[in-house]
Amino acid sequence: MNALLKRQLVKLPTHPGIYEFFSAQGKLLYVGKAKSLHSRVRSYFQAGATLSPAKQVMVSQVHHLQTTTVKNEVEALLLEGNLIKQHQPPYNVVLKDDKSWLYIAIDYRQPYPRVGLERRPSTRGVKYFGPYPAAATAHDSLKFLKKVLSLKTCANP
């Protein structure tokens with residue numbers, strides 16, 4: 001964690017509001033809402049925080065943040081939704097659509113392992129790589145792998 005982010009985490013207000021995480025290049029990564037900005041934002045950066053794999057990747061990319069305080073939780077919810085729809089941050093999957101993260105999956109249960117994309121990894125015998133917050137990146141990566149590794153592209157086993 002860089003010095004700027006450490007200073008920002010110390011100065012967080014306890015009021016309700018929204019928070020925005022940015023990369024070192026200034027790209028908006030995520031927009032969230034909180035009853036207490038101080039508690040919620042700091043929870044991402046605590047040692048031992050229980051975060052999904054995608055959130056772990058996101059937190060590792062956060063360079064700085066910005067907060068906006070509001071009067072109550074309802075205002076925070078409305079502002080969060082508007083900002084997500086306006087900016088389409090890559091780690092805000094839920095409010096953009098009903099989809100979840102994409103993973104590249106290699107299914108070893110078949111005589112010739114199948115390589116494809118899946119949204120909800122849970123199958124045994126399948127090796128997953130990801131998550132990919134942007135679907136286009138996952139599709140491009142899979143296309144590249146199939147070309148470079150000469151993977152089969154037919155649907156039949």
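The values are calculated or read from the model by the stated rules, or taken from the named source; none is laboratory data. No experiment lies behind these values; they were computed from the predicted model shown. Glycine also receives a Cβ, built like all others from the backbone with ideal geometry; neighbour counts cover every protein chain displayed. All accessible areas refer to the heavy atoms of the entire protein, side chains included, with ligands and DNA or RNA removed. Shrake-Rupley method; radii C 1.70, N 1.55, O 1.52, S 1.80 Å.
One table, with the values for the structure above:
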| quantity | calculated |
| --- | --- |
| Within the range 10-39, tally of residues that are aliphatic (A, V, I, L, M) and surrounded by fewer than 14 Cβ atoms within 10 Å (Cβ to Cβ) | 2 |
| Any hit, the range 60-67, residues being at pLDDT below 90 and open to solvent by less than 50 Å² (accessible area, probe 1.4 Å) | no |
| Qualifying residue in the range 69-78 (condition: open to solvent by 40 Å² or more (accessible area, probe 1.4 Å) and modelled with pLDDT of 95 or more) | yes |
| Lone qualifier among Arg7, Arg42, Arg109 - being among the basic types (Lys, Arg), open to solvent by 30 Å² or more (accessible area, probe 1.4 Å) and assigned to a loop (DSSP other than H, G, I, E, B) | Arg109 |
| Of all residues in the range 5-33 being in contact with a Leu (Cβ under 9 Å, 6 or more places away or on another chain) and of a type in the set (A, V, I, L, M, F, W, C), the one that is farthest from Val57 (Cα to Cα) | Leu12 |
| The range 133-149: number of residues that are open to solvent by less than 50 Å² (accessible area, probe 1.4 Å) and outside any helix (DSSP H, G or I) | 2 |
| Members of the range 1-20 found to be out of contact with any helix residue (DSSP H, G or I) (no Cβ under 7 Å at 6 or more places or on another chain) and of a type in the set (A, V, I, L, M, F, W, C), listed by number | Met1, Ala3, Leu4, Leu5, Val10 |
| Residues satisfying the stated conditions in the range 28-56, i.e. within 13 Å of the chain's Cα centre (by Cα) and within 23 Å of Gln86 (Cα to Cα) | Leu28, Leu29, Tyr30, Val31, Gly32, Ala54, Lys55 |
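Table: residues versus (1) free of Cβ contacts under 8 Å to residues at least 60 places away in the same chain; (2) within 30 Å of Gln8 (Cα to Cα); (3) assigned to a loop (DSSP other than H, G, I, E, B).
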residue	(1), (2), (3)
Gly48	yes, yes, yes
Leu51	yes, yes, yes
Lys71	yes, yes, yes
Ala76	no, yes, no
Asn92	no, yes, yes
Pro131	no, yes, no
